[in-house]
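What follows is one structure encoded as structure tokens, with my remarks underneath.
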Protein chains: 2
Amino acid sequence: MSDTQDLDLHRIRITSPFWAQYQALVRDVVVPYQWQALNDRIPDAEPSHAIANFRIAAGLEQGDFFGMIFQDSDVAKWLEAVAYLLCQQADTELERAADEVIEVLAAAQQPDGYLNTYFALKAPQERWSNLAECHELYCAGHLFEAGVAYFQATGKRRLLDVCCRFADHIDGVFGPGPGQLRGYPGHPEVELALLRLHEATGESRYLELARFFVEQRGTQPHYYDVEFEKRGRTSYWDSHGRDWMVRDKAYSQAHAPIVEQRTATGHAVRFVYLMAGVAHLARLSGDETKRQACLRLWDDMVERQMYITGGIGAQGWGESFTSAYDLPNDSAYAESCASIGLMMYASRMLQLEGDARFADVMERALYNTVLAGMSLDGTRFFYVNPLQTVPSIMGGNHVYDHVKPVRQRWFTCACCPPNIARLLASLGAYVYTQRDDALYVNLYVGSDAEIRRDGARFTLRQHGDYPWQERVELEILADAPFATTLAVRIPDWCARPRLAINGESVEAVPRKGYVHLQREWRPGDRIALDLPMPVLRIGAHPSLRHAAGKVALQRGPLVYCLEQADNGTDLHQLALPANAGFELQEGNGVLAGKTLIRSEGLRVAPDTAGGLYRYDAPEAAVQRQPLLFVPYFCWANRGEGEMRVWVDAAGSGARHVA
Amino acid sequence: MSDTQDLDLHRIRITSPFWAQYQALVRDVVVPYQWQALNDRIPDAEPSHAIANFRIAAGLEQGDFFGMIFQDSDVAKWLEAVAYLLCQQADTELERAADEVIEVLAAAQQPDGYLNTYFALKAPQERWSNLAECHELYCAGHLFEAGVAYFQATGKRRLLDVCCRFADHIDGVFGPGPGQLRGYPGHPEVELALLRLHEATGESRYLELARFFVEQRGTQPHYYDVEFEKRGRTSYWDSHGRDWMVRDKAYSQAHAPIVEQRTATGHAVRFVYLMAGVAHLARLSGDETKRQACLRLWDDMVERQMYITGGIGAQGWGESFTSAYDLPNDSAYAESCASIGLMMYASRMLQLEGDARFADVMERALYNTVLAGMSLDGTRFFYVNPLQTVPSIMGGNHVYDHVKPVRQRWFTCACCPPNIARLLASLGAYVYTQRDDALYVNLYVGSDAEIRRDGARFTLRQHGDYPWQERVELEILADAPFATTLAVRIPDWCARPRLAINGESVEAVPRKGYVHLQREWRPGDRIALDLPMPVLRIGAHPSLRHAAGKVALQRGPLVYCLEQADNGTDLHQLALPANAGFELQEGNGVLAGKTLIRSEGLRVAPDTAGGLYRYDAPEAAVQRQPLLFVPYFCWANRGEGEMRVWVDAAGSGARHVA
């Protein structure tokens, strides 16, 4: 069976009204906007200089390097997104722009294959001297991902060849041999990228190099200390008096060998990028120890450290995990990029395990945090995705410095916008998983996918308007009958799914969350899947104190929230009675086409007269107030205001004497 | 009428079992311990070097300055505490130690009167060049307070003369005249100290200098900018790349003239020290505009930014205020020193206004945050006084970096321990306020106070075991009858006080919180005040979201809390039913003699089986669990554990459909 981690995006066409709109947004707004940003043509945005850096390194322009040490990766992510768009439809102008950038990159590549504008322009003598802090391998990884994607999209090898030369160079520098460095990246990414490069080229050295990086990580003597001493104890961040990235090895998941780690720790994006690579490697190399580490660390993340929105990384400090059951709603980090990385980790776990629990989390991250990272018009972005905001207090309390109440246009550290673009443009790759035993249907995304398996070729056509509508249909388009197994996912939120084939009910008995349908399929066969989407009240684990006495609403894969625009200020005064009914209604204005939830509710407001504290806690005035919930991914599209996902549960038995 | 802000502590002897114990602790444990610490004789504590700095500056020892830029103030605060102890009882050895230190200070004073060891030893050319950041006037202020206190305690002028020479020097350097600096301290303190010095010496220049500092503050062109430019834009904190103290003028309450300020802002200790001085100045100079500013800023602080424990400063960043109704329980700062400063501000407001609302807050701060700042055995201290702690998550989440789950022995920045010592040692000064219209009884502290007013001399003897017992008696000891007005405070928490004079009921009709008893008093007269102390459920203002749906318990002036030691972990699962009864019980072990509160309670704990989130929020299992509350000031005396002041209100009408 051919590996389809990098499912050829030529072969899937997304037709879902929900997703086609997003992909059009990426094509028409996000990618063009980012092109302008990368070229510094947007007056009111923070400067990028990313293209200029490459042009200067290529000798095409005079000037100095400017930007973050990983500024190069913004260009790579843009190229990767362009590649995915080109798979969807031809676009001569876009392709020409990309080709021109690729020529600049090629010209900037040094004779030995090395390619990084920060080091080429600012510190040529310091190459590979500070892996803990300096993102050289991270940028290489993004470049490799772009090179693979662009090759697969266009068949053009120009960028892929640049990547291979660079990878060959890296393969010479790093390794267990004499004179080679024993290092590995402070920010993982190159591991998963090398495995993609390996799969695209068939070059086994790239797999071995990825394995080296993974297995070297966290061993003693510690490489970060070794290189720290070797370079004279300097830190890239010296101007700020900080070498904490060197000292705090858990920040980079380098405090212990991965197979010995027990908890999801450190910078959340680093963690999921790393684990995506490890999971891929575990599968390609059939390594059970690594597989167990992937399962163990996944479980710790998902069962103890993940927000209901699929966000991870509970604190601004180090954009990192904190500890079990510590998920503050208002000071959350929950970076958009971390949820994208979580999807990447999940998709590798799906290939490894064929278990829907990974798809459940992938879907949760996608429909909530990842989508919330971008405004509905595609022009503004969140880095940080809190579950509760009160703008009036955010200016005064520095605990919220990293949290923004409204999305921003561009960032000095612009990792999230291009990452959201490449994720949305490549969404098709997450819909299905090809495994020996079955074709797994992970996501319900209206689409036509050309599938080749078990000697057959067929098109699997998904109908429906998920996530709004309950009915999904899968139609078989083929020239002839064929036998194969389709594994249809029953989402974890769906208690009573109904399945029918050609109108005949089929008992839906999932195995690891998928109903395996093994039969001879005929052209025109239709699988109808009804996924009833009642509004669900979500409760939390008893140790999650930030959700104690509260509920969140979910319908289908969408988590909902209250916003000030609909419900007024002081959202903490609102409560949802245990017996409240729910009514769906369609939004309007910027929320047109979105399904909102209306319910009875209460506003519990003690008298405002008097001071902060009142003796013999007077019975609070309780007024009925209807509540209107909007999908979390739609929040903050109507100006600045309060927002809250977890809502007080009123009159719940949980609050009564037993 | 003689001003009694600095009530002669010789004339009040505290007999209260509660407070005599604390004063003995200060005498026998805290002050001796601090003496050892200041002399670096405690092996397991962070070094102080404060005495050594003075000895080096005096030429008595070789060495370099070590410590914070305000290290000198630790010695001054110790001397001030010693002075108060010497008022209570003679102690030849202690007095000799103090006299020796004073000789060192005098020897360290420079010929022109200047006295500051940091600048003398490290940067003699930089005197008065960085008022925004460098604490020279702050240290001077603490020295003046010590000088006044020691003079009043012992009659010895040695330190007072040192202070006057230094104050005269400062008076020459600063002022509106030609060649004088227009500056004022980044950390207020010298204002209130100069007013004490003025009252002790009768020197009006010290009052005028205080007025200059107060009125200059926040004017344009801004002095912090002027001196910043003048010294070449350097920052004391340059090694950390920070000049934020210069830029963030609200941090020092220097963003606008004080009379124009509308909200309590910036570093909380700075704010209350400053306002104590302003209130004192407003009274001495009869300045109505300053009085209005004092009232307005007091109200903003107390009605919108003060914890129920009398803590102020809701964030670790800048140890500062945040904004209205933002009082997070777990990431609070609520510095011990800020509550001490709050008491100082309150005592000045009492003199200015004769209004018990200031005494109510003073008492709240004293019995809760200030006392909580020290362990029951007097050996360990809190800087930060949170209202909720969960030690298991504090290591992982850097939002809690400033919060400690257990008290520490000494601090690099050792402001709080000596500040608590001097406050407790001088508690007698807060018990009464002498005003023209009456002798105000602010605090119920068993004591004998010799009072002189309206031509009479008498002793007012307080009986009782406040804050545990409800009955307070005031007995008149005198040689002859005399007429005067006693104003007896009815605490805000007491709904049904009963007052009797010599066994005869008197109607208790308070005016501004005090019952004014004007009569001819005879020797042996007894005022009996019954202050019923039911356990009160405190509710919060509807905008205080951190207390929404929660209650706190208070009995008398004491706020209570739940601790893990009595109630197990996961305190967020505990709830107090609306109809729960309360029973008092005496503590044991380290809590012997303390009144605890037992009540019915609930533990609301959803099943631990399953992941973080559960669909259709299963009815949580609710078990009855008796709750045991301990006084907040006693918390963290039994090892590390969870603590919580605000407790979920279960089954309250507030949570029901109206």
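The values are calculated or read from the model by the stated rules, or taken from the named source; none is laboratory data. Values in this document were obtained by computation on a predicted structure and should not be read as measured data. Cβ sites come from the backbone with ideal geometry, for glycine too, and all protein chains shown count toward neighbours. In case anyone asks, the SASA skips ligands and DNA or RNA and just uses the protein heavy atoms, side chains included. Shrake-Rupley method; radii C 1.70, N 1.55, O 1.52, S 1.80 Å.
Key figures
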read-out: Among B:GLY318, B:TYR333, B:GLN351 the positive-end extreme of the charge dipole of the stretch B:313-367 (Cβ point charges); value: B:GLN351
read-out: For the stretch A:435-530: accessible area per residue (Å², 1.4 Å); value: 46 Å²
read-out: Shortest-first nm distances, B:GLY63 label point to equivalent points in other copies (7 Å, Cα→Cβ); value: 5.7
read-out: Relative frequency of Cα-Cα separations exceeding 50 Å in the protein assembly as shown, percent; value: 39 percent
read-out: Difference of contour (0.36 nm per residue) and Cα-Cα distance, A:GLU520 to A:LEU60; value: 159.6 nm
read-out: The stretch A:435-530: relative contact order as a whole-number percent, Cα under 8 Å and 6+ apart; value: 30 percent
read-out: Overall form of the stretch B:241-392 per C-alpha gyration tensor (a/c, 1.5; a/b vs b/c); value: oblate
read-out: At least 50 Å² of accessible area lost relative to the chain alone, listed for the stretch B:479-493 with a 1.4 Å probe; value: none
read-out: Amide N proximity, the stretch B:292-324 versus B:THR219 label position 7 Å along Cα-to-Cβ, cut-off under 20 Å; value: B:292-294
read-out: Cα-centre dipole for the stretch B:253-430 with unit charges at Cβ (Lys and Arg positive, Asp and Glu negative), debye to 20; value: 400 debye
read-out: Protein heavy-atom accessible area occluded, B/A pair - total, 1.4 Å probe, Å²; value: 6100 Å²
read-out: Neighbour cut-off at most 15 other Cβ (10 Å), DSSP loop, trypsin sites (Lys or Arg not before Pro), the stretch B:246-277; value: B:ARG262
read-out: Lys/Arg +1, Asp/Glu -1 at C-beta; the stretch A:113-158 dipole; positive extreme among A:ALA140, A:PHE151, A:LEU121; value: A:PHE151
read-out: Aspartates and glutamates with Cα under 20 Å of B:LYS512, excluding same-chain neighbours fewer than 8 positions away; value: B:GLU288, B:ASP299, B:ASP300, B:GLU303, B:GLU353, B:ASP355, B:ASP360, B:GLU363, B:ASP436, B:ASP437, B:ASP492, B:ASP530
read-out: Value in Å of the Kirkwood radius, where the stretch B:478-582 supplies the Cα pairs that are averaged; value: 17.2 Å
read-out: Listing of the stretch A:382-408 residues, each with accessible area lower by at least 30 Å² in the full protein assembly than in the chain alone (probe 1.4 Å); value: A:ILE393, A:GLY396, A:ASN397, A:HIS398, A:VAL399
read-out: Per-copy distances of the A:ASN579 label point, shortest first, in nm (7 angstrom along Cα→Cβ); value: 1.8
read-out: Rel. contact order, % - alpha carbon contacts under 8 angstrom, at least six apart, the stretch B:536-655; value: 36 percent
read-out: Phi-based couplings in Hz for the stretch B:96-103 (Karplus 6.51, -1.76, 1.60; Gly and Pro marked x); value: 5, 4, 5, 4, 5, 4, 5, 5
read-out: Accessible-area composition of the protein assembly as shown, carbon plus sulfur, in percent [1.4 Å probe]; value: 47 percent
read-out: Net lengthening on full extension, B:VAL590/B:ARG457 (0.36 nm per residue, minus Cα-Cα); value: 43.7 nm
read-out: Tensor-based shape of the stretch A:367-449 (alpha-carbon gyration tensor, a/c under 1.5 rounded, otherwise prolate or oblate); value: prolate
read-out: Global geometry of chain B, whether rounded, prolate or oblate, following the gyration tensor of its Cα atoms and the 1.5 cut on a/c; value: oblate
read-out: Total charge dipole magnitude, the stretch A:435-530, about the Cα centre, Cβ charges on Lys, Arg, Asp, Glu only, Debye to nearest 20; value: 200 debye
read-out: In sequence order, calculated HN-Hα J values of the stretch A:259-268 (Karplus, 6.51, -1.76, 1.60; Hz; x Gly/Pro); value: 5, 9, 6, 10, 9, 5, 9, x, 4, 5
read-out: Dipole moment magnitude, nearest 20 debye, the stretch A:513-611 about Cα centre, only Lys, Arg, Asp, Glu C-beta charged; value: 340 debye
read-out: Loop trypsin sites (Lys or Arg not before Pro), the stretch B:414-521 (other Cβ atoms within 10 Å of the site Cβ: 16 or fewer; DSSP); value: B:LYS512
read-out: Expected 222 nm ellipticity per residue - DSSP helices of 4 or more, -39500 (n - 2.57), all of the protein assembly as shown, to 500; value: -10000 deg cm²/dmol
read-out: Accessible area per residue in Å² at 1.4 Å probe, computed on the stretch B:201-287; value: 40 Å²
read-out: Bins of 10 Å, starting at 0 and running to the largest distance - Cα pair percent for the stretch A:536-655; value: 13, 42, 33, 11, 2
read-out: Solvent-accessible surface (1.4 angstrom probe) belonging to A:SER204, in square angstrom, nearest 10; value: 70 Å²
read-out: Calculated diffusion of the stretch A:435-530, Stokes-Einstein form, Kirkwood radius summed over Cα pairs, 37 °C and 0.692 mPa s, µm²/s; value: 243 µm²/s
read-out: Calculated FRET value between B:ARG127 and B:VAL406, using beta carbons and R₀ = 35 Å, to 0.05; value: 0.30
read-out: DSSP beta bridges in the protein assembly as shown [antiparallel fraction, %, rounded to 5]; value: 90 percent
read-out: Nearest-first distances (nm) between copies at A:VAL29, label 7 Å from Cα via Cβ; value: 6.4
